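Q: Supplied in structure tokens, the structure appears directly below.
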Amino acid sequence: MLGCNQIVFQKNRPVVALSFGNQLRVLDYSTNKEIKSFEYDNSISQIAFDDDGKNFSVGLHNKKFFVYDHNFELTYSDSLKRGNPGSIIFHPTEKSILITDNIYSYKIPFDKKKEKETENEKEKKSKKNKPILNGHKTELGHTSIITQADMTYDKIFYITCDIARRIRVSNFPEIYDIHVFCLGHTDSVTSMAIHPSSSEQFLTGGGLNDTSIILWNLQNGEIHDQYKFNENNNEQYHKKAVLELSYCPKDPKFFIAILKSVHTPFLFQINSNKKIELLKVINITDFPEEDEIYKARFDQNSNLWISFQKTQLIKILKFPNWEENLSDLENYLKKSIEYNFEQDFVNRYFKRENRFSQVTLSSYNEEDNQKNGNDNNNKKERKKNSKQKWKEKQRQKKERKNNSKK
């Protein structure tokens, strides 16, 4: 059974999209009524709303992605050739999306009413446009796997992070034009939060060997402040990747951080001197046994939504103290969701994401161990049989030689 691995809110309406494995539910959280439900042929990797609420997109772990209109009717679908959709961002003025796979960012139009171009027009465009890769126009390329990608609220900058500790701030819409690099993490960048009302700063979180949060000056790429969880020999937070960062919409001086395998969200404040201060560790009542926090997101009312890896429980903590339970969405789908990933997908995806994976793979590892054990037994049996055949051949050869001498 898988918990909710994506919590995405629409900006101008009380609408939230929740994904559980390969199933997606769109909910009006002001009335707790379901608007739409979807089921796909693979697990969901990414969900995105545009700013106007006119379009909605879903990416899957089998490289497919879908675009829907405001009524959640399908308007466009396609697939990437290279990797799975890692992030999806709607273009603010055009009917297109910026979508990243492992390495590249693409700009993909989804307007069906495209006019047919003449050969001369195509030739002129090919000279101006950036190269076409796998049928999609590439806008930006990394030399390492992209872990995060997002755009500032005013659509001036496009920010991408990778596992090689690099953060690129690009000018939009010409995102191949790098504005500044932000360098300071000592491990892969595993999380990022964009300020909801300012293009002066943003937050990033580091991986296992970093375990820190950095507040960046977006204009010049310098570090305002860095908070290190593993300072003062605190073994509890040693080698814990920062999985989640989220600004509070009502008051962005507050933000939440989630560490891998740590059961308590951390509430921080950015003071007037651009310094990060830990305000409190939020205690979650009735925390599911042997479980971990999966996602943590603020809705437009600044209530904090928290999901878990192994259960479908979603806790909603009330603004502004974030310890009082506003409500629990428990067993939202009314039945447990079980989704069996294809084995080749598990091997391919989770080995790549192993250093900051949010999914427990114990069940898959057990299956792998059992399969490997069977393979080893078969190899031993084949080796034993081949040895016996070789001995029999040698015996027969010796008999023939002795008979010939006689």
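The values are calculated or read from the model by the stated rules, or taken from the named source; none is laboratory data. Given the structure is predicted, the values throughout are model-derived calculations rather than measurements. Cβ coordinates were reconstructed from backbone atoms using ideal geometry, including for glycine residues, and neighbour counts include every protein chain displayed. Protein only, heavy atoms only, side chains kept; ligands, DNA and RNA dropped before computing areas. Shrake-Rupley method; radii C 1.70, N 1.55, O 1.52, S 1.80 Å.
Q: Being in contact (Cβ under 8 Å) with a residue 12 or more places away in the chain and surrounded by fewer than 20 Cβ atoms within 10 Å (Cβ to Cβ) is the filter here; which residues of the range 33-45 pass it?
A: I35, K36, S37, F38, E39, Y40, D41, N42, listed by residue number.
Q: Now for a separate question. Which count do you get for residues in the range 37-52 that are modelled with pLDDT under 90 and either touching a Leu at 6+ places or on another chain (Cβ under 9 Å) or aliphatic (A, V, I, L, M) (or both)?
A: Residues flagged as modelled with pLDDT under 90 and either touching a Leu at 6+ places or on another chain (Cβ under 9 Å) or aliphatic (A, V, I, L, M) (or both) within the range 37-52 amount to 0.
Q: While we're looking at this one, here's another question. Residues S57, S37, S19, S43: which one is in contact with a His (Cβ under 7 Å, 6 or more places away or on another chain) and more than 17 Å from N301 (Cβ to Cβ)? Talk me through it step by step, then tell me what you get.
A: Details: S57 fails: in contact with a His (Cβ under 7 Å, 6 or more places away or on another chain); S37 fails: in contact with a His (Cβ under 7 Å, 6 or more places away or on another chain); S19 fails: in contact with a His (Cβ under 7 Å, 6 or more places away or on another chain).
Only one candidate qualifies: S43.
Q: Would you point out the residue of the range 27-52, among those that are closer than 17 Å to M151 by Cα and not hydrophobic (A, V, I, L, M, F, W, C), that is farthest from the chain's Cα centre (by Cα)?
A: D52
Q: Continuing with this model, one more query. How about the range 83-93: which of its residues are open to solvent by 20 Å² or more (accessible area, probe 1.4 Å) and out of contact with any strand residue (DSSP E or B) (no Cβ under 7 Å at 6 or more places or on another chain)?
A: P92, T93
Q: Where residues in the range 200-238 are assigned to a helix (DSSP H, G or I) and touching a residue at least 12 places away in the same chain (Cβ under 8 Å), which of them is most open to solvent (accessible area, probe 1.4 Å)?
A: That would be Q236.
One line per residue, one yes/no per condition, for (1) among the polar types (S, T, N, Q); (2) modelled with pLDDT under 75; (3) in a loop (DSSP other than H, G, I, E, B):
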| residue | (1), (2), (3) |
| --- | --- |
| N71 | yes, no, yes |
| T75 | yes, no, no |
| D78 | no, no, no |
| G83 | no, no, yes |
| I89 | no, no, no |
| E94 | no, no, yes |
| K107 | no, no, no |
| K114 | no, yes, yes |
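Q: How many residues are under 19 Å from S79 (Cα atoms) and part of a strand (DSSP E or B) when one looks only at the range 1-44?
A: 5
Q: While we're on this one: Looking only at residues that are among the β-branched types (V, I, T) and in a loop (DSSP other than H, G, I, E, B) in the range 243-288, which one is surrounded by the fewest Cβ atoms within 10 Å (Cβ to Cβ)?
A: Across the range 243-288, the extreme among qualifying residues is T285.
Q: What are the pairs, 6+ residues apart or on separate chains, where a residue within the range 266-295 that is touching a residue at least 24 places away in the same chain (Cβ under 8 Å) has its Cβ under 6 Å from a residue that is among the aromatic types (F, W, Y) and in a loop (DSSP other than H, G, I, E, B)?
A: I282/W322
Q: Collect the residues in the range 292-319 that are in contact with a Lys or Arg (Cβ under 8 Å, 6 or more places away or on another chain) and either crowded, with 22+ Cβ neighbours inside 10 Å or modelled with pLDDT under 85 (or both), keeping them in residue-number order.
A: L304, W305, I306, S307, F319
Q: Would you confirm whether or not the range 166-175 contains a residue that is in a loop (DSSP other than H, G, I, E, B), modelled with pLDDT under 95, within 20 Å of S105 (Cα to Cα) and touching a Leu at 6+ places or on another chain (Cβ under 6 Å)?
A: yes
Q: Would you check if Y29 is without any contact (Cβ under 8 Å) to a residue 40 or more places away in the chain and touching a strand residue (DSSP E or B) at 6+ places or on another chain (Cβ under 6 Å)?
A: No, not satisfied.
Q: Turning to a different aspect of this structure: Restrict the check to the range 21-28 and report whether at least one residue is open to solvent by less than 30 Å² (accessible area, probe 1.4 Å) and more than 19 Å from S307 (Cβ to Cβ).
A: no
Q: So which residues in the range 239-259 are in contact (Cβ under 8 Å) with a residue 40 or more places away in the chain and farther than 14 Å from I213 by Cβ, if there are any at all?
A: Listed by number, the residues that qualify are C248, P249, K250, D251, P252.
The rows are residues; the columns are (1) over 28 Å from G83 (Cβ atoms); (2) modelled with pLDDT of 90 or more; (3) open to solvent by 20 Å² or more (accessible area, probe 1.4 Å); (4) not polar (S, T, N, Q).
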{"site": "G3", "(1), (2), (3), (4)": "no, no, no, yes"}
{"site": "I7", "(1), (2), (3), (4)": "no, yes, no, yes"}
{"site": "V16", "(1), (2), (3), (4)": "no, yes, no, yes"}
{"site": "S30", "(1), (2), (3), (4)": "yes, no, yes, no"}
